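The values are calculated or read from the model by the stated rules, or taken from the named source; none is laboratory data. Since the structure is predicted, the reported quantities are computational estimates derived from the model, not experimental observations. Positions of Cβ are generated from backbone atoms using ideal geometry, with glycine treated the same way; all protein chains shown enter the neighbour counts. For accessibility, only protein heavy atoms count, side chains too; no ligands or nucleic acids. Shrake-Rupley method; radii C 1.70, N 1.55, O 1.52, S 1.80 Å.
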Amino acid sequence: MSRTIVPPQSTPVDEIPAVVTRLRSTFRAHTTYPLEWRKQQLRKLWWGFHDHENDVVAALHQDLRKPEHEALQSDGIWMKNAILDALSHIDKWVQEERLDVDLLGKMAAPSIRKEPLGVVLIIGAYNYPFQLTFAPLLGAIAAGNAVVVKPSEISSASAAVITTIIRECLDPDAFAVVNGAIPETSALLEQKFDKICYTGNGVVGRIVATAAAKHLTPTILELGGLNPCIITKNADAKLAARRICWGKALNGGQVCLAPDYAIVSSSKENEFVSAVADNWRKFYPQGPQASPDLARIVNERHFHRIKKMLDDTDGEIKVGGQTNEKEKYIDLTLVKVKDETDSLMKDEIFGPLLPYVVIDDVDDAIEFVNRVSDTPLAIYPFTNDKKEAEYILDRTRSGGVTVNDTIWHAASHKLPFGGVGESGMGSYRDKFGFDQFSHHRTTSRQPGGWFEKVLDARYPPYLPAKLAQYRLLIEKKPNFSRDGKVRTSWFGWFLSLGGGGAKTVVVKYVATILGMIALSPFLASFKKSCIS
Ligand SMILES: NC(=O)c1ccc[n+]([C@@H]2O[C@H](COP(=O)([O-])OP(=O)(O)OC[C@H]3O[C@@H](n4cnc5c(N)ncnc54)[C@H](O)[C@@H]3O)[C@@H](O)[C@H]2O)c1
Ligand SMILES: CC1=C(/C=C/C(C)=C/C=C/C(C)=C/C=C/C=C(C)/C=C/C=C(C)/C=C/C=C(\C)C=O)C(C)(C)CCC1
């Protein structure tokens, strides 16, 4: 029998300052610095995830009716693999980085120390409640920070399991969970943190950034946007439809990276529409509503928000269109719309609807994308013409891109993930997460008194001779003229056998030597005949 996971109690607002103070004193006591301590936290976290795998799956089912397959693929197994990979590489990440500098600075052995920032706040969203709190947490632990986690109150069963895993596995003096909604998050945001990582919508993103600015706290903002698919006349429309269907069906469309609309070349429209219908049938042989493989909309508010978008459309429904309020069920629905003024094109959908427009010219499609939202979280060009794909990438912006598929650039826990402009700032995961939660402290260690002879030229009185010495030894010469053109150094050109990159020059030298060896018998006999 399936059990019900009880939502966590909200943290009393007046206790929140003390939670942050406790973590700050732990940080100041250096508890979080030792590498072995960080590794132990990560190892315990892996076991926590492993031992609570069934709870993770059950919570995601209760909150979103997320299928077990998806729960493990992008939250359970995904997180465990991310932790193991971090443990395999953390020794390298924490290493001080040696830097190569000019002659004068070299003796001070400059480097970058990777230092923790302090106390970090992570605010999660409801759609991937585990991944979106634990993936940044992983980077923050690896970098040696103390962390407050604030799970989304909307996925309340997941919030309960997140609370259990953190409280059971991690050092309570360094890691805390604050549960609740707006009052609790607002109380948290009054506190000073050393970094805030927020995932969610842009309206609240602005509230978070404003609160952070009061303390000069840097933020990572993981927001949403309207992610386009562009299916050009050079695309495999059937394959595009299958891959778009996957990206749209995942978590019932409640994915920040889900396609929000498609632009379809008229030559591909019929093939695309019938392939979408065909795929839904193949994905859900018993029908999507009866299938256990399709998640539900998280709550009534979001159900009505999405349904209203569909009710208000002036477009033509090509596939799907049914809804069921009791089950918070919405069909995977494909709608042909006229332009971006349609109700389905105004905001991020975050549900299983997919509007599309027909545009033939690639430049017009690019213009449309940039007009609708010029910095979405993702862009998905579908084309078998590699040059066309590059053309689209060069003329658009987005947090990330997958060519000829959806979501894939963000599926790996090892690749940096983040937005740009309206879709957010800062990217994390794997080493990129470690770096986000570290301060890169530039460090020089100057040699002792014996080095004063060399440094003498920097001290007053500033005699002309000292400046002349400085110019002679330190000042660099440009290799370009006033009109911005690179000057050819004939000596360099001669030495490099006519120029080129390092590889080309090596190849030229090898070819010349081999050529000379091959020609040497002829040269020898030529020399002989000249002498005789
Ligand atoms: N880029 C990403 O990684 C990513 C991932 C998932 C979701 N998203 C985006 O998130 C959005 C959906 O999430 P959501 O925002 O509806 O999630 P949500 O409702 O779960 O809210 C996110 C967090 O904001 C807090 N919050 C809400 N209102 C607040 C307020 N007034 N002040 C302070 N905190 C407040 C909530 O308590 C919660 O922890 C979509 O736009 C989606 O694209 C982005
Ligand atoms: C390897 C070989 C084989 C086996 C292949 C198998 C078993 C392949 C399985 C592939 C699957 C299940 C891939 C699915 C991946 C989906 C992922 C990772 C989804 C991630 C979603 C994310 C991260 C969502 C994020 C959302 C966010 C951030 C916001 O809202 C054989 C057996 C075929 C033989 C050859 C070798």
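A straight Cα-to-Cα reach below 12 Å connects K114 with the aspartates and glutamates D91, E96, E97, D435, residues fewer than 8 places away in its own chain not being considered. Contact order, relative form, for the chain: 16 percent (alpha carbon pairs under 8 Å, 6 or more residues apart, mean separation divided by residue count).
Put simply, the amide H of I220, placed in the peptide plane, has neighbours under 5 Å in I196, C197, Y198, leaving out anything fewer than 5 places away on its chain. Working from label points 7 Å from Cα in the Cα-to-Cβ sense, the L35 to F491 distance is 4.5 nm. Per residue, the chain exposes 50 Å² of accessible surface when a 1.4 Å probe is rolled over the protein heavy atoms with every protein chain present.
Compared with the rule-of-thumb size 2.2 N^0.38 Å for a compact globular protein, the chain has a Cα radius of gyration ratio of 1.24. Amide H contacts for Q191 (H built 1.01 Å from N in the peptide plane; partners 5 or more residues away or on another chain; cut-off under 5 Å): none found. Phi angles of the stretch 350-366 translate, via the Karplus equation with coefficients 6.51, -1.76, 1.60 and θ = phi - 60°, into HN-Hα couplings of 6, x, x, 9, 9, x, 9, 10, 9, 9, 8, 7, 5, 5, 5, 5, 4 Hz per residue; Gly and Pro are given as x. The sum of -39500 (n - 2.57) across all DSSP H runs of n ≥ 4, divided by the residue count of the chain, sets its helix-only mean residue ellipticity at 222 nm to -13500 deg cm²/dmol. Ligands, DNA and RNA left out, the 1.4 Å accessible surface of the chain is 58% carbon and sulfur atoms. For the stretch 228-408, the share of DSSP beta bridges that are antiparallel, to the nearest 5, is 25%. Taking the DSSP beta bridges with both ends in the chain, the antiparallel portion is around 35 percent.
For the set R24, R242, R281, the ranking by accessible area, highest first and with no ligand, DNA or RNA atoms included, is R281, R242, R24 under a 1.4 Å probe. Ordered by solvent-accessible area of protein heavy atoms (1.4 Å probe), largest first, the residues T512, T219 come out as T512, T219.
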